[in-house]
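Worksheet: the structure to be examined is printed underneath.
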Amino acid sequence: MGIFTPTAVRPRVTDLDPDFVAGLGVKAVLLDVDNTIATYTSHEPVPGAVEWARAMTEAGFRVLIVSNNYKKRVGPFAARFGLDFISFAMKPLPFGYLKARHRLKMKSRQCAIVGDQIFTDVVGANLCGMRSVLLTPLEPEEGFTFRVRRFFERGLRAGFEKRKDEIQ
């Protein structure tokens, strides 16, 4: 598996049920915020996201929010979900992932990151020996760097679609 290849690809966070996550062989879920549980312009979670997180914790998974965004943005989401969080994680660098793993008292192989970006969420997970679930972004971002990253992601995502049998 290459550094850009996720463990699994799904459309939305609510498409991940506890059986699917257990099938990844993990006990903890590291959850991104922007374009994963909320659009990057919204202060409200997408419908079903809070209930999804609750179902995951009730099923015995440890869930923690890990975001590159600032505490001012991430904190209110974490409070709404009743979850701990790490903001300014500097993904794809390993710091935020390793801090989350340590806080949850888990090994890297016991964690999966769920997010919408290949060059942050997936690459960071692969650098740390974690699983990853790549989601479809909820809405297109407007910033130049996002447009550049999404341009390069298109080809990778098309390749994942062709290799469905290799990716969960």
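The values are calculated or read from the model by the stated rules, or taken from the named source; none is laboratory data. Since we're looking at a predicted model, the values are computed, not measured. Here the Cβ is made from the backbone with ideal geometry for all residues, glycine too, and neighbour counts use every protein chain on show. Accessible surface is based on the protein model in full, side chains and every heavy atom, while ligands, DNA and RNA are left aside. Shrake-Rupley method; radii C 1.70, N 1.55, O 1.52, S 1.80 Å.
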**OP:** Output the residues belonging to region 19-66 that are in a strand (DSSP E or B) and in contact with a Pro (Cβ under 6 Å, 6 or more places away or on another chain).
**Re:** A38
Original post:
Among the residues of region 14-33 satisfying the criterion of being free of Cβ contacts under 8 Å to residues at least 60 places away in the same chain and closer than 22 Å to D84 by Cβ, which is least open to solvent (accessible area, probe 1.4 Å)?
Top reply: V33
**OP:** Could you grab the pairs with beta carbons closer than 6 Å, sequence gap of 6+ or different chains, first residue in region 95-106 and modelled with pLDDT of 95 or more, second one open to solvent by 10 Å² or more (accessible area, probe 1.4 Å) and small (G, A, S)?
**Re:** R101/S108
Subject >> Inter-residue pairs, beta-carbon under 6 Å, first within 18 Å of V46 (Cα to Cα) and in region 74-92, second in a loop (DSSP other than H, G, I, E, B), 6+ apart >> reply: V74/V33; V74/S67; V74/S87; F77/V33
Original post:
From the residues in region 99-111 that are more than 21 Å from A8 (Cα to Cα) and part of a helix (DSSP H, G or I), which one is least open to solvent (accessible area, probe 1.4 Å)?
Top reply: L104
**OP:** State which residue pairs qualify: first residue buried (at least 21 other Cβ atoms within 10 Å of the Cβ) and small (G, A, S) and inside region 53-66, second residue in a strand (DSSP E or B) and modelled with pLDDT of 95 or more in any location, beta carbons under 7 Å apart, and separation of 6 or more residues or different chains.
**Re:** A53/V63
Original post:
What single numbered condition from (1) in contact with a Pro (Cβ under 7 Å, 6 or more places away or on another chain); (2) assigned to a helix (DSSP H, G or I); (3) not aliphatic (A, V, I, L, M) fails to hold for D121?
Top reply: (1)
**OP:** Test V74 against the stated conditions and say whether it is β-branched (V, I, T), in a helix (DSSP H, G or I), out of contact with any helix residue (DSSP H, G or I) (no Cβ under 9 Å at 6 or more places or on another chain) and surrounded by 17 or more Cβ atoms within 10 Å (Cβ to Cβ).
**Re:** yes
**OP:** Can you work out which of the residues in region 124-138 that are more than 22 Å from T14 (Cα to Cα) and in contact (Cβ under 8 Å) with a residue 40 or more places away in the chain is nearest to the chain's Cα centre (by Cα)?
**Re:** N126
